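Structure first, then comments.
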Amino acid sequence: LCQMDISNYKFAHQLAPFIHQVGHEYERSHFRKTHGDYGTVPIRELQQMLPSTHAWVRNTVGLFESTDNITMQSNLEQKMDFIKGRGFVDGILFTKQELVLPELFSLDIEGINSIRNEARCCVIATAISLHARNIIGSSILKTEVGVVGNNELTSVLRKKHFKRDDLEAEVIAALTSFTTALAERSLSEEECNTLKNHALAVLRGNDPVLKLLDNRIRSYFRYACRWTPDTKSTGERSAPIEMKTGRKVVKGDDDLLARSGVASSKAEFSLAAHKEAKRLGFTFVSSDLIAAGNKARLIISLACSNYDKDILGRLLMAEK
């Protein structure tokens, strides 16, 4: 355990800061080798050099009209905040239009696809769990049952199915098992049939609750992608974090965070994201959404940090 503690400490306090220090410039250098010296070219040439990024920024600017909080006269910081929220979430993560991924995210294709898939699984799992609770007349989701049911349902939804019938059969079986455990009794034939019909409606996209959850999942990811750590709480650390092997900060556990004194941005984000997921009705899948939301936040934050002035800022200023 002592060797593991030392290794973890060296990685966290020596290697990780070094990677963070040189990582930005390394990615920018790789991007220049692939697409050209974006920092010195005229704006017209930049638009031609990065056509997909240009199109994405233009479409994002077109969304300015749909909100009262931002206009073309807003400052760059406000526009970048809008890009992190509406631009990235609505324009890339959940776009319903055919999209050529902006060049800025060429290294993030796998991450973006995983976020999309996780969001889809979370929406479906939330929808069918809501129907399950309504069918048995339970408004309370027991923690133990919720954890087991969530793991079983989401694992089935994440699994690759080659036939829709196979997916539907496995989801119905997992949902029936979860609902039986939640009800703490056997389900009647009528309840099983109702459960099956709701599950099929959700999986086939015919359930009206999906539209509500679609709007809410977008709202959650906008919140996650625009979230920033509290600089006061993270900047006043006077002592290194205590090494603890085999112990993690439980997602959403406010008391444990307070007791351990851990003020890392990831832990802070986990608490904030858990509260937002709970507020929007995603308690059943909050732990999964915390991980997906953090991944989305890191992707768009890195892109904005690396290319805010040389690319995004210039493309935004060029749009009148």
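The phi-based Karplus calculation (6.51 cos²θ - 1.76 cosθ + 1.60; θ = phi - 60°) puts the 3J(HN,Hα) values of the stretch 281-295 at x, 10, 4, 4, 10, 4, 5, 5, 5, 4, 5, 5, x, 5, 5 Hz, whole numbers, x for Gly and Pro. Straightening the chain between Ser138 and Val100 buys 9.2 nm, computed as 0.36 nm per residue apart minus the Cα-Cα spacing. Backbone geometry of the stretch 305-319 corresponds, through the Karplus equation with coefficients 6.51, -1.76 and 1.60 at θ = phi - 60°, to 3J(HN,Hα) couplings of 5, 6, 10, 4, 8, 6, 10, 4, x, 5, 5, 5, 5, 6, 7 Hz, x marking Gly and Pro. Taking 7 Å steps out from each Cα toward its Cβ at Phe162 and Arg32 produces label points 4.9 nm apart. Near Asp90, once Lys and Arg are set to +1 and Asp and Glu to -1 for all other residues with Cβ below 10 Å from its Cβ, the sum equals +4. Once the C-beta distance of Thr71 and Lys275 is scaled by a Förster radius of 35 Å, the resulting FRET efficiency is 0.70 to the nearest 0.05.
Every number here is computed from the coordinates shown, using simple stated rules; none is lab data. Model, not experiment: these values are computed from the prediction. FYI the Cβ positions are ideal-geometry reconstructions off the backbone, even for glycines, and counts take in every protein chain you see.
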